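I have placed the structure first, in the form of structure tokens, so that the comments after it can refer back to it.
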Amino acid sequence: MTSSSHPPLRVLIVDDSVFNRRSITEILSTSPEVEVVGKAADGEEALRLVGMLRPDVITLDLEMPRMDGFTLLRILMTKMPTPVIVVSSYSQKENVFKALELGALDFVAKPDRYADPDLAAIRDDLLRKITLARSVRLPAVAARRAPDWMPRAAQPDARPSPALVAPRHVVAIASSTGGPSALMDIFSRLPESAKFALVIAQHMPDKFTRTFAERLDRRSALHVSEAQDMDVVGEGMAFVCPGRQCMELEMPPKGPLRVRVGPADERDRYVPSADRLLTSVASAVGKRAIGIILTGMGDDGVQGARAILDAGGMVVAEAESTAVVYGMPGSAVRAGATTLTLPLQDIGDWLAKL
């Protein structure tokens, strides 16, 4: 038993590299919270072991012989939903997001190296995300295994930027674990005629946020980009905060709304900070502010949600029935910092009607 009285989390390691399997095992063996119960070199072997061992968590490499990680995820989430943490290199960003859309819970980015990847560098991140599995709601994980959104038909690769029109509302979204697929669902439901702008604080490593913004852009009728300091904000636009940075909304005395992007400071408990983003939106646009608190561990966004309510705006929390991890929305609800609670599939539709 662990010091917290919980039995250790039983982990299956799936990776075709002998070195990686050994390295991940060594990392996990340093924690009394975790027990490695099996190792697999490909997806076929992994499926057999999942059926035999019923692990609590799986660490997954995506590129493997015989059966790759994507095929394994499709089968696993249909037949035996299990929290999966993808362990992938920085060079495989698109593959990571494809895996998240297929039902993976989260990912850990390992350094790109030609030989002997320095997996020790990801130790704390890997252990933290594996132990997060205790808080995961498996029905919500399984429900996200097959996204029903599709890329826009006949959409040119290079779209002109939307005409700059001041947004009627600014929607500030806070999300963490489970957030990428939740955001995909929301953005797939938003119309091209949206009269609002969106700003997003998604907890994610810095080298992945641009790829994520580009993926949202391809799947959405809106114009989505990774935010840059002093970007102008207009209706039909959405901005993802860069990883390892914090973003705020600013209303200058003269001129349009802008986003400010800069390093975190000692006030920021999380980076990117949803609290800082939502608080700034409340200050900038007052009652035209809308906060959305999606799935994620912890309580980031609660202070910002209070600021939006105090300014006369509205705050929507994702319902427990659809949240992969109910930490962030649950904290906002318990703090009395929400206007209403909606299941994920209704949040995008609600925004579309603004």
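The values are calculated or read from the model by the stated rules, or taken from the named source; none is laboratory data. The shown structure was predicted, so the numbers you read here are calculated from the model rather than taken from an experiment. In this analysis, Cβ positions are derived from the backbone assuming ideal geometry, glycine residues included, and neighbour counts consider all displayed protein chains.
Annotations for the structure displayed:
- Of all residues making up segment 319-348, the number that are aliphatic (A, V, I, L, M), without any contact (Cβ under 8 Å) to a residue 40 or more places away in the chain and touching a Pro at 6+ places or on another chain (Cβ under 9 Å): 1
- The set of residues from segment 126-141 being surrounded by 22 or more Cβ atoms within 10 Å (Cβ to Cβ), outside any helix (DSSP H, G or I) and at pLDDT below 85 is empty.
- Some residue of segment 315-324 being in a loop (DSSP other than H, G, I, E, B) and more than 24 Å from K129 (Cα to Cα): no
- Hey, T59 of a type in the set (S, T, Y) and under 15 Å from V108 (Cβ atoms) or not: yes
- Restricting segment 217-232 to residues that are within 17 Å of V170 (Cβ to Cβ), in contact with a helix residue (DSSP H, G or I) (Cβ under 9 Å, 6 or more places away or on another chain) and among the aliphatic types (A, V, I, L, M), the residue that is surrounded by the fewest Cβ atoms within 10 Å (Cβ to Cβ): L222
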